[in-house]
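Read the structure below first, then the notes.
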Ligand code: MN
């Protein structure tokens, strides 16, 4: 089990916060504010939006990190970084705070859902997964509302509870949690939703059906704009998609070891590879 290894038990836990919407996003402020109730918070977050970057890292460009006073009002030390969410966690662990090991890494709160297959494209989850790769308990939080002024006020109790439980009980090794919250207001009806509870789920077998809009720029040159549609044939009531669409917080334990063990068996049994 990955439990916080604190030399001084009276010390407040150290919580590293990052995100992919950038350090000025509303969602990260909500997360930072909540985490200050649980421990000492440090922030390393991108200086620009990095949604959809997946687990990208910066290797062919200089990486810049600057101290930021954006969370000074909360007494929180923060850095803004020119790189991706994964870069931010690496920078925190191996450079900016190299003498301090976080007890918890949290990312978000993302403006938009990261259920199902979206985890692979998600910058929010890449920060959490990078934390898990570094051997730290880690959680990515997302709200199913893309609006930049999205209302996060209903998620605070669950944010605190899930982070608190992770700090207290740890997580099995090499696992990060993908947590998604239902939007405060229903997209179609605009009716306020109340969260019914939290469910531990599996990732729904859904995908993006991509469509490219062909457009023309002011100089008459053609360009493309990705405009995908989320398609979910998986109606399982044990999925993250079902949970968030039915008023529950979804918690999916994720792993970065993507080995498909049944694939090993199949290839060994069915293929004829010259050895
Ligand atoms: Mn995002």
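The values are calculated or read from the model by the stated rules, or taken from the named source; none is laboratory data. The model shown is predicted, which means the values in this text are computed figures rather than measured ones. Cβ coordinates were reconstructed from backbone atoms using ideal geometry, including for glycine residues, and neighbour counts include every protein chain displayed.
Inspect segment 4-14 for any residue being in a loop (DSSP other than H, G, I, E, B), touching a strand residue (DSSP E or B) at 6+ places or on another chain (Cβ under 8 Å), closer than 17 Å to residue 83 by Cα and modelled with pLDDT of 95 or more and give the result as yes or no.
Among the residues of segment 4-14, not one is in a loop (DSSP other than H, G, I, E, B), touching a strand residue (DSSP E or B) at 6+ places or on another chain (Cβ under 8 Å), closer than 17 Å to residue 83 by Cα and modelled with pLDDT of 95 or more, which makes the answer no.
Can you tell me which residues in segment 50-67 are surrounded by fewer than 16 Cβ atoms within 10 Å (Cβ to Cβ) and within 16 Å of the ligand (Cβ to nearest atom)?
If the condition is that a residue be surrounded by fewer than 16 Cβ atoms within 10 Å (Cβ to Cβ) and within 16 Å of the ligand (Cβ to nearest atom), then 52, 56 are the ones that fit.
Being over 13 Å from residue 84 (Cα atoms) and part of a strand (DSSP E or B) is the filter; apply it to segment 15-49 and report the residue that is nearest to the ligand (Cβ to nearest atom).
Ranking the qualifying residues of segment 15-49, first place goes to 17.
Please go through segment 127-154 and give me each residue that is more than 15 Å from the chain's Cα centre (by Cα) and within 16 Å of the ligand (Cβ to nearest atom), ordered by number.
147, 148, 149, 150, 152
Here are some conditions: (1) over 28 Å from residue 251 (Cα atoms); (2) in contact with a helix residue (DSSP H, G or I) (Cβ under 7 Å, 6 or more places away or on another chain). Residue 73 meets all but one. Which one does it not meet?
Residue 73 satisfies all of (1) over 28 Å from residue 251 (Cα atoms); (2) in contact with a helix residue (DSSP H, G or I) (Cβ under 7 Å, 6 or more places away or on another chain) except (2).
Output the strands (runs of 3 or more DSSP E) that fall wholly within segment 164-266 and possess 3 or more residues being surrounded by fewer than 14 Cβ atoms within 10 Å (Cβ to Cβ), over 17 Å from the mean Cα position of the chain (by Cα) and without any contact (Cβ under 8 Å) to a residue 40 or more places away in the chain, or say none.
Output list reads 212-216, 222-226.
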